[in-house]
Structure formats: C-alpha cells, structure tokens
Amino acid sequence: MHFTVKTDALTEITAECAIVGIYEGSELGKAAKDFDAKSKGALKDAMKETGFKGKQGQMQLVLKVPNVAPTRVLLVGLGKRNQLDDIKLARASQATAKYLRDTAIKSAVYTLHTEASDTTRGARDGVAALHYGFYKFEECRGKQYKKETPALKKILVAADKKDATAIRKAVKEGDAIGIGVKFTRDLGNLPGNYCTPSYLATEAKKMGRAYENLKVSVLDEKKMKELGMGSLLSVSKGSREPAKLIIFEYKGGKKNEAPHAIVGKGLTFDAGGISLKPGPGMDEMKYDMCGGASVFGTIKSLCEMGAKKNVIGVVPASENLPDGDANKPGDIVTSMSGQTIEILNTDAEGRLILCDALTYTERFKPASVIDIATLTGACVVALGSHATGLLGNDDGVINSLKTAADKSGDRVWQLPLWEEYDRQLDSPFADMQNIGGKEAGTITAGCFLARFTKKFKWAHLDVAGTAWNSGSSEKTATGRPVPLLVRYLLDA
Ligand code: BES
Ligand code: MN
Ligand code: ZN
C-alpha cells in the first residue's frame, strides 16, 4: 500500500472510494458532511435504506454517489461520539483495511483522522492501523493455495493546506511503523521449523545490506563461549539448532550521542526443556521469539523513516528443547557477569538467555536499555492481552515509556521491583536461582533481570500477553510493542 497526502477539497480528490466516519445515531462526521452536502443527501438516504447506524465496527459501502470525485463512499461506524478515543479510532481504521482488502477498490481517500482530537496523531495511528488490517499471513501455504492480491494499492490521506507538513511527517512515521509491525508479525507467525536462530540471523544480515545506516553482526556459539555466556549457552545446548546473538547498530543520530538499546528474547521455540510444558497449546510457543522480533521490527521502522537516533538492538536467539544434553533441574551455570545461577526450572529459560545479552549490551555504554520478552505466563494472568507488563530500575525511563504508551496506544502497566520480591531468588547453592516460587512470577522474573542491569538505566517489558492473540481462529502475532518502542526511541 502506498500513501500520499492530498490537500485538495475532499470531494474533489481523484480516487475510487472515500472512507468517512459516522457516529452512532447516524450522525455524520466532518468528511461525511462534505460528501453528503455535495451529493444532495446521498449518504443520509443510503443510511436510511440500509439501516446503517454508525455503531463501532459497522461498515457500509455506498455506490454511485453523485457530484463527487470518489463515487463510492465507505461509511465507517465510529460508535458513540463522546466515547471515541485514539485507540477506538485506530481500530476503525484496521476494520476498514480488512473490509477493503476483499473489494475491487484500487484507491481510496482516507479521512478518519479528521475525527481525532489531534489529527496528526490520528493520521499516524490511522496509517499504521490500515497496514495492520491489511495484513494476512500466507507464507506457509502450498502450491495449490491461491494468494489473493488485493486490488487496493493507493491511499490518499486528506489534509488542510496549513497542516500538510505535519500530516506528511505523521503519514511517513505511520507507514514506517506499519511496515515494522508487519515484519514483526511475519517473523512471529512463522513456525519454529522455519524461524530458527539461524533464520533470524540471516534475516538480520539481509537488513544490514538493505539499509545504509545499519550495521549487523552475528555472534556464533564459539564466540559466545569466549565471552563466557554460560547461561545463554546452557539453554541452546539442549537443541540441535545453534544459538545466535544478533546485534543491530543503527546510526542515524550524532556521532558521539550515546545509543539507546533494545534487547529482545528470541526463543524460536519453547518446549520447556526437561521441565517440559504440557501438550495442549504448545504450538503457541513458536511466538516465544516475539520480543526479539519486535527488535527487528523497531529497527526496520527506524530505518524506513530515517530516524535521527542511535539505537542498538540485541537479540539472543535459541530454542529450548528436552535432550540428553539439555539443562537439568538443579544444574548450576555461570553467566557472563560472573554470577552463578541454579536452574530449578528449565522452562524459565528466557531470563537465562537475556541475562547474558544484557551483560553484553554494557559495552555500548547505552543511555537506556529496554528488554522485551514473552517472559512469564503470570503476566498473562495479571494483565491479560491488553497491557504489557513494565518494570525497571529508573523512574525517568519508566515514565518515558508510560508517556510513549499513551501517545501510541500501545499500553503498559507498571509492577513493582521491591527487594522483598528479589529475596525469593536467593539460592542455597548458587548466587541465585532462576525461579522465585509460585507468587508474583512476573515480578520475580523482573528481579532476576535486575541483577544483570545494575550498570545502566533499564526497563523490562513483559509481552507474554500482548505479543500475540491466542485461540484458534484469531491466532496471530500482533507486532506489539513495536509502536511503543518506536515512540519511546523517537522521543528519547
Ligand atoms: N515463554 C514462557 C512464558 C509464556 C508462557 C509466555 C505462556 C506466553 C504464554 C517462559 O519461558 C516460561 O515458560 N515461563 C515460565 C516461568 C516459570 C517456570 C517460573 C512460566 O511462565 O510458566
Ligand atoms: Mn519457558
Ligand atoms: Zn519462554
């Protein structure tokens, strides 16, 4: 999909279709009013005939609208006017793209952002949401499967002349976020036999070739051994796929400006190891690399928009499988930091690969470090799929992430990191154990990581509930928290 900003009068923009918002109670939004007036009431007539009320998610295509350039007008229900917020507006745009994908319409004028309280934000979120709704995962279909190539190619975003510059910038950002989210979703949706640590490494290298400001390096197990990454390597030795440590260096900012770092868990399949997970739903553990995939997507977004920032991305990639050589409960390993870890549960492997990746990140002298991980089932219990869990050691970073969440609609909720929780990790045999017992699983996982992040300002995002939609029919990677990370990094 290609986006352009147009400053002509709405009803005069050349396109096959116009997308306009209608509030519950058949109340016309701004753009809808223009179209209705020009066409002498064609929209109101159509609403009467079809019973369209403007409920959130309702959609009605009106054909042969007279006296306007786009003769098809898509009515999009926005729900009650006083209840409309940025997130509901973005959802309406998602639904719009999903609807248009199955039509023969090739070009459309987009106006829903004119209903936002901040039209610039509306345009950015709207464009990213159109990408989202347009998405379909078809990579693993067989020869006989017919991929439908959607007709829709061009979106013309309407803007007043005076806002054109701001809207253009917003559209560019929204487009780049949409592209990054799509990449993250593709990587997440790929099954474990396609998306291995080596596959991720190859994809990263491709990015390094595609973008000028991006340097990519990959460390193999030999190099990791030299660095003393005993914790990370203890997880990968139970699998036949070698681990990879993928490093992105995006240099869009000033030369001596300290970079911000994002570190994502890239566990390409989590069977639990010797502490094997139960069978039902285990397929969903292919998504256990979504934190890492969000690093890929965020870096891609920054590259696409040419962001003027320095950003480091680090992705430890491994499988977690049961094997004769796998970690056993009670095993003690030595991390790169020198601290030893008693592995009481081999299924708490995310923190084992992240701790060494976090120690490695010290060398970049980062201004801040955010790690992103599908780390605990407990986070899904606590926050469900609506908010990402947020913990950290620095109020400035935490508050910036909360602000970025408000601005992007990619929501977070903070949990505490008090030392009482940290004591749950004390071990009689090693410097720490890798689990903290039944209580407060998300927090004790955060406390574990906190023991490896003392040298920088750090926050942890637990995306176990937000990185994918569970269940059979709507099962998909969501691309979260790419919108949050991009916002955080652009504003940092
Ligand atoms: N990848 C899982 C966390 C997870 C579980 C994400 C369910 C999404 C849905 C992680 O590696 C894990 O297994 N965590 C354990 C930790 C426990 C052993 C302390 C968990 O949450 O059960
Ligand atoms: Mn696990
Ligand atoms: Zn895991």
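Just so you know, all these numbers are worked out from the coordinates, no wet-lab data involved. The structure presented is a predicted model; accordingly, all values stated were derived computationally and were not measured. Methodologically, a virtual Cβ is constructed for each residue, glycine included, from the backbone with ideal geometry; neighbour enumeration extends over all protein chains shown.
FRET efficiency for the pair ASP160 and GLU49, taken as 1/(1 + (r/R0)^6) with r the Cβ-Cβ distance and R0 = 35 Å, rounds to 0.65.
Simple spin-label estimate for LYS328 and LYS237 gives 1.2 nm between the two label positions (7 Å along the Cα-to-Cβ direction from each Cα). Pairs exceeding 23 Å between alpha-carbon atoms, taken from LYS30/LYS53; LYS6/LYS169; LYS153/LYS265: LYS153/LYS265.
Comparing Cα centroids, the range 291-311 and the range 173-241 end up 14 angstrom apart. Listed by chain and number, the lysines whose alpha-carbon sits under 17 Å from that of LYS277, ignoring those within fewer than 8 places in the same chain, are LYS286, LYS328, LYS438. Using R0 = 25 Å, the C-beta based FRET efficiency linking ALA492 and ASP85 works out to 0.50. Legend: ranking of residues LYS161, LYS475 from fewest to most surrounding C-beta atoms inside 10 Å; resulting order LYS161, LYS475.
Only beta bridges with both residues in the range 9-102 are counted; by DSSP, about 50 percent of them are antiparallel. The listed peptides 397-407, 330-340, ordered by packing as a protection proxy, come out as 397-407, 330-340 (highest mean of other Cβ atoms within 10 Å first). The trypsin sites (Lys or Arg not before Pro) of the range 251-289 that meet both conditions, a loop assignment by DSSP and at most 14 other Cβ atoms within 10 Å of the site Cβ, are LYS254, LYS255.
A crude spin-label estimate for the pair GLU148 and GLU226, with each label 7 Å from Cα along the Cβ direction, gives 5.3 nm. Within the straight-line cut-off of under 16 Å between alpha carbons, the lysines reachable from LYS55 are LYS44, LYS80, LYS88, sequence neighbours fewer than 8 places apart in one chain being disregarded. What GluC sites (Glu not before Pro) in the range 401-445 are in a loop by DSSP, with at most 14 other Cβ atoms within 10 Å of the Cβ? For GluC sites (Glu not before Pro) across the range 401-445 that sit outside H, G, I, E and B with at most 14 neighbouring Cβ atoms in 10 Å, the list reads GLU439. Exposed loop sites were defined as chymotrypsin sites (Phe, Trp or Tyr not before Pro) in DSSP loop states (anything but H, G, I, E or B) carrying at most 13 other C-beta atoms within 10 Å; in the chain the longest segment without such a site runs 195-417. Within the chain, antiparallel bridges make up roughly 40 percent of the DSSP beta bridges whose residues both belong there. DSSP bridge analysis restricted to the range 264-344 gives an antiparallel fraction near 50%, rounded to the nearest 5.
Note: relative contact order over the chain, using C-alpha pairs below 8 Å and six or more positions apart, is 14 percent. Here the 3J(HN,Hα) profile of the range 361-374, calculated from phi with Karplus coefficients 6.51, -1.76 and 1.60 at θ = phi - 60°, is 5, 3, 5, 8, 6, x, 5, 7, 10, 10, 9, 10, 8, 7 Hz, Gly and Pro shown as x.
For the range 455-480 versus the range 435-451, the spacing of their alpha-carbon centroids is 18 Å. With one equal scatterer per alpha carbon and no solvent term, the Debye-computed log10 I(q)/I(0) for the range 339-444 at 0.13, 0.19, 0.23 1/Å reads -0.55, -1.15, -1.47. Partner aspartates and glutamates whose Cα lies under 18 Å from the Cα of LYS172, excluding those fewer than 8 positions away in the same chain, are identified as ASP118, ASP125, ASP160, ASP163, GLU304, ASP491. Fully extending the segment from GLU139 to LEU61, taken as 0.36 nm per residue of separation minus the present Cα-Cα distance, adds 25.0 nm.
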